[in-house]
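Asker: Quick one: the structure is below, questions incoming.
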Amino acid sequence: MSEYYNSRRNRNLFDPKSDEPFRMSRSKIDLFMNCQLCFYLDCRLGVGRPPGFPFALNSAVDTLLKKEFDIHRAKRRAHPLMGAYGLKDMVPYEHEDLDLWRSNFKGIRYIHEPTNLLVTGAIDDIWINTVTNQVSIVDYKSTSKEEKVSLDKEWQVTYKRQMEVYQWLFRQNDFDVSQIGYFVYCNGKTDREAFDAKLEFDIDLLPYTGNDEWVVKALENIRECLMSPKPPKHALQCDYCAYRKSARDVQQGK
């Protein structure tokens, strides 16, 4: 951790003089939407936000879900969850590039030529309607709470933007993408009498109707932000910026 704070990053930085497409991941787009100053410090100046710790249990759930859906994908049949929610014509989509699309370091990608940004995103899954031949983006989420899972919390706008960026990317790659994507949401049960080395989940399928019309405008704003020689203002609701300001004020005796 100390190495992270003792040096600025000097790679994967935007160079206004370069003609090479600049890689813009889905998470960096979301960072820009949350706080333009944090985004600028990261992508232009090489000072990223402190890294969070990995959620190993969430990653384990993702991995097991992928294995489970892949079993049904190989047999070209619907997963029982699809049938339980009335998606009788839906099956996991089989495609030679699926592993590439799932890779965090590659993902599905598209160069947005007006901004020269190489937009990338790594999906969890993709399903296809065997009648309409439209594909639907699918994202896995996991949590553990007493109330029923939903997409109603204000902070879950990040999930929605994530889905919409994926939908936009697949449309740019000439896929017929349904507006409706799905969140496979796993909620760990805490009402069992004992752990017994086993964690059980309720699994819900939450449909979400995406609207990716904001993506192009966001990319244009990102390009403008990166080209500016001066950092933008921070977002008023940004906890990271508020912390930096408070620490600076204290050190200056304010």
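Asker: Scanning for something farther than 26 Å from M33 by Cβ and in a loop (DSSP other than H, G, I, E, B), does segment 179-187 turn up at least one residue?
Answerer: no
Asker: Of the residues L37, L45, L100, only one is aliphatic (A, V, I, L, M) and in contact with a Gly (Cβ under 8 Å, 6 or more places away or on another chain); which?
Answerer: After applying the criteria, what remains is L100.
Asker: What residue, of N12, N104, N58, is within 30 Å of L236 (Cβ to Cβ), in a loop (DSSP other than H, G, I, E, B) and of a type in the set (S, T, N, Q)?
Answerer: Values: N104 fails: within 30 Å of L236 (Cβ to Cβ); N58 fails: in a loop (DSSP other than H, G, I, E, B).
Among N12, N104, N58, only N12 is within 30 Å of L236 (Cβ to Cβ), in a loop (DSSP other than H, G, I, E, B) and of a type in the set (S, T, N, Q).
Asker: Among (1) of a type outside the set (S, T, N, Q); (2) modelled with pLDDT of 95 or more; (3) more than 17 Å from the chain's Cα centre (by Cα), which single condition is G188 missing?
Answerer: The failed condition is (2).
Asker: Tell me which of these D99 doesn't satisfy, since it passes every other one: (1) under 23 Å from F170 (Cβ atoms); (2) assigned by TED's automatic domain parsing to the domain that holds C241.
Answerer: (2)
Asker: Scan segment 39-57 for residues that are touching a residue at least 60 places away in the same chain (Cβ under 8 Å) and within 20 Å of T115 (Cα to Cα) and jot them down.
Answerer: Within segment 39-57, F39, Y40, L41, C43, R44, L45 qualify.
Asker: Looking at (1) among the acidic types (D, E); (2) surrounded by 14 or more Cβ atoms within 10 Å (Cβ to Cβ); (3) modelled with pLDDT of 95 or more, can you tell me which one D204 breaks?
Answerer: Result: D204 passes all but (3).
Asker: Still on this structure: Of all the residues that make up segment 28-55, how many are surrounded by fewer than 12 Cβ atoms within 10 Å (Cβ to Cβ) and outside any loop (DSSP other than H, G, I, E, B)?
Answerer: 0
The values are calculated or read from the model by the stated rules, or taken from the named source; none is laboratory data. None of the values given here were measured: they were computed from a predicted structure. Note that we place each Cβ from the backbone using ideal geometry, even for glycine, and neighbour counts take in every protein chain shown.
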